[in-house]
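Please treat every number below as a calculation from the coordinates, not as lab data. Please read these numbers as outputs of a predicted model, since none were measured by experiment. Heads up, the Cβs are rebuilt from the backbone with ideal geometry, glycines too, and the neighbour counts pull from every protein chain shown.
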């Protein structure tokens, strides 16, 4: 285990434990009478972050790695089924904790956001689309960046220019990206607080974030939209068009 990663894991655990102690309502309630978990919620969240940082996409492989190499940090690591169940129950706590940690960073209050979405393919065969538990939520959609149709979901992100996620939401593949942005704004305390406080914000997006009503709503919330002009649309003010085009090219790369 790298010493720097050890330091990061320790700092993350300590911060998460302090925040969850102050806000116990953010973690799933447990019966007063019953067994005491051998690994606390802050340790579980730290394990999940380390799994992502080290690039383990398989929970089974990650559990084996953690039990072998991270014993000095985590005396007890649950088996795969217990690990998966605990993380599922901590999904809301993880989303809240991510927002809290982002707000503590020096770039958490950046006055420029980048907004975009990316496809999350969940299957390719017709049988998968018919039998999957995601049927009814996942759906067929089109990805213009890759010029192909896909079956699955779409991840919508609001990030700072440094790449720090400020808010996110998973929707069906055909969901309107403008509606998804407002859903993120309403469900993310950090964004909602900034908009309520009348903080001026710049939002860089692609051509899908269009519409007179949408831009009016953004302007009323104190947000200036930068995006490239759509085909057949009147040329936008030079700064709004050029910056939007540049960011669209960067996102495509």
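Order of 191, 33, 204, 22 from fewest to most other C-beta atoms within 10 Å?
On the way: 191 21, 33 5, 204 24, 22 9.
Ranked by crowding around the Cβ, least crowded first: 33, 22, 191, 204.
In what sequence do 126, 227, 236 fall when counting other Cβ within 10 Å, fewest first? Write down the numbers at each step before the final one.
Numbers: 126 9, 227 23, 236 17.
Listed from fewest to most nearby Cβ atoms, that is 126, 236, 227.
Can you give the Kirkwood hydrodynamic radius for segment 163-231, in Å, rounded to one decimal and based on Cα pairs?
Working: mean 1/r = 0.0780 Å⁻¹.
Computed over segment 163-231, the radius equals 12.8 Å.
Taking a temperature of 37 °C and a viscosity of 0.692 mPa s, what whole-number D in µm²/s does Stokes-Einstein yield for segment 112-252 with Rh from Kirkwood over alpha carbon pairs? Spell out each step's value before the answer.
On the way: Rh = 16.1 Å.
Result for D is 204 µm²/s.
Would you mind computing, in nm to one decimal, how far apart the modelled labels at residue 81 and residue 224 are, each placed 7 Å from Cα along Cα→Cβ?
Between residue 81 and residue 224, the label points sit 5.7 nm apart.
Compute the distance in nm between two label points, each set 7 Å from the Cα along the Cα-to-Cβ direction, one at residue 127 and one at residue 7.
It works out to 5.3 nm between the two label points.
Output the Kirkwood hydrodynamic radius of segment 3-104, Cα pairs only, in Å rounded to one decimal.
Details: mean 1/r = 0.0703 Å⁻¹.
Result for segment 3-104, one decimal place: 14.2 Å.
So, in Å, what gap is there between the alpha-carbon centers of segment 1-58 and segment 168-223?
After rounding, the separation between the Cα centres reads 31 Å.
Could you list the square roots of 5 times each eigenvalue of the Cα gyration tensor of the chain, that is, the equivalent ellipsoid semi-axes, sorted largest first and rounded to whole Å? Intermediate results must be reported in sequence, preceding the final value.
Working: eigenvalues 266, 110, 61 Å².
The answer is 36, 23, 17 Å, longest axis first.
Tell me, 202, 166, 49, 32 in order of fewest to most beta-carbon neighbours within 10 Å? Show your work: numbers first, answer last.
Numbers: 202 15, 166 25, 49 18, 32 5.
Going from sparsest to densest Cβ surroundings: 32, 202, 49, 166.
Residues in segment 117-133, backbone N under 20 Å from the label point at residue 140 (7 Å along the Cα-to-beta-carbon vector): list them, ranges by number please.
119-133
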